[in-house]
Amino acid sequence: MSEHGAAPVGPWRGQPRATATGGDAVWRLRSRACWAEAAELLAPLAGRDPWAALSRAELLIEQCLYTAEGWEDAENALRQAEAAARNTEQRAAAACERGFLAYVATLLHVRDRADEAKAALGRTSAILAPDAPGRPLLDFRRGLVAENLQRDPVAARTAYLRAQRGALERGDDLLRSHTSRHLAGLALRGGDVAAAREGFTVSLRLREQLGFTVGVAPALASLAEASDPAEAIRLRAEAARLAGALGGVPVWLVGRLGDPAARGVDGRGAGAADGKVS
């Protein structure tokens, strides 16, 4: 197993976070919602390798995102990664993960940590070189904060576009699946259904090609919002089946799939409601 190939810290080292073959053991577990098991594989390395410590922290933070649980484990892993950081790149990566964890906690209404999220991502930007491999991931996460915490779709779109360009240049198809999905969500809320459908389709295709199984159900649900009624029913049913097969994750999506009245958040559809999370 290589902790640097398909491992989550790939973007910080100029490598994609996932490969189309999905041959890495950590990636296979992660993509099937087995974050704790994946983190356990990295545990022996985390004490002596800062990148392994960062990989482990990112896995456990992603588990919080999809399950709304495991906050203490994620905090502990992140503190270990912060303590282990030896150079600017590693400190930037740890700060970016700190900002993302604070963002997720705020978004899922665990605790309001919006100021911490913005400060940590700002700190990351300040110490990260403009052309650093981790810049596209940082841009994406700043877009998330702009869209969902600051309610600034214009700033969010700008950040997502920067992240998407970087993802294309670096061949990070997993990040591109996220940027395409969020740009599509903004297009849908702006009334451009055709652009939304195109973006959601790209996101779904990339996740299926990568084998990022845990991310497929949200992609299906978002595509349903830009589809005709008959296709939308089919897509939501498939999303519900897949989420159920993974043990009921993402938790924030499961409750919305079976109840049309629950698919709106602040007057928006499921493309925005679940799209804003991952």
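The values are calculated or read from the model by the stated rules, or taken from the named source; none is laboratory data. For clarity, every value in this text was computed on a predicted model and none was experimentally measured. No Cβ is skipped: glycine too gets one built from the backbone with ideal geometry, and neighbour counts run over all protein chains shown. Surface areas here come from the heavy atoms of the whole protein model, side chains and all, with no ligands, DNA or RNA. Shrake-Rupley method; radii C 1.70, N 1.55, O 1.52, S 1.80 Å.
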Only loop residues by DSSP count here, and only those with at most 13 other Cβ atoms within 10 Å; note down the trypsin sites (Lys or Arg not before Pro) in segment 35-101 that meet that. Arg48, Arg86
If I model a spin label at Arg151 and Arg165 as a point 7 Å from the Cα along the Cα→Cβ vector, what separation in nanometres do I get? 3.0
At a Förster distance of 30 Å, what's the computed FRET efficiency of Thr158 paired with Arg111, Cβ-Cβ distance as r, to 0.05? 0.60
By the C-alpha gyration tensor axes a ≥ b ≥ c (rounded if a/c is under 1.5, else prolate when a/b exceeds b/c, else oblate), the shape of segment 151-208 is oblate
Backbone HN-Hα couplings from phi across segment 31-37 [Karplus 6.51/-1.76/1.60, Hz, Gly and Pro as x]: 5, 9, 6, 9, 5, 4, 5
How far apart, in nm, are the 7 Å Cα→Cβ label points at Asp228 and Ala119? 5.3
Carbon and sulfur atoms account, in whole percent of the 1.4 Å probe accessible area of segment 47-92, for 40
Efficiency of FRET between Glu69 and Asp131 - r from beta-carbon atoms, R0 41 angstrom, step 0.05: 0.65
Could you run the Karplus curve 6.51 cos²θ - 1.76 cosθ + 1.60 with θ = phi - 60° over segment 95-111 and give me ³J(HN,Hα) per residue in whole Hz, x for Gly and Pro? 5, 5, 5, 4, x, 5, 4, 5, 4, 4, 4, 6, 4, 8, 6, 7, 6
For segment 107-211, which trypsin sites (Lys or Arg not before Pro) pass both filters: DSSP loop (anything but H, G, I, E, B) and at most 11 other C-beta atoms within 10 Å? Arg111, Arg151
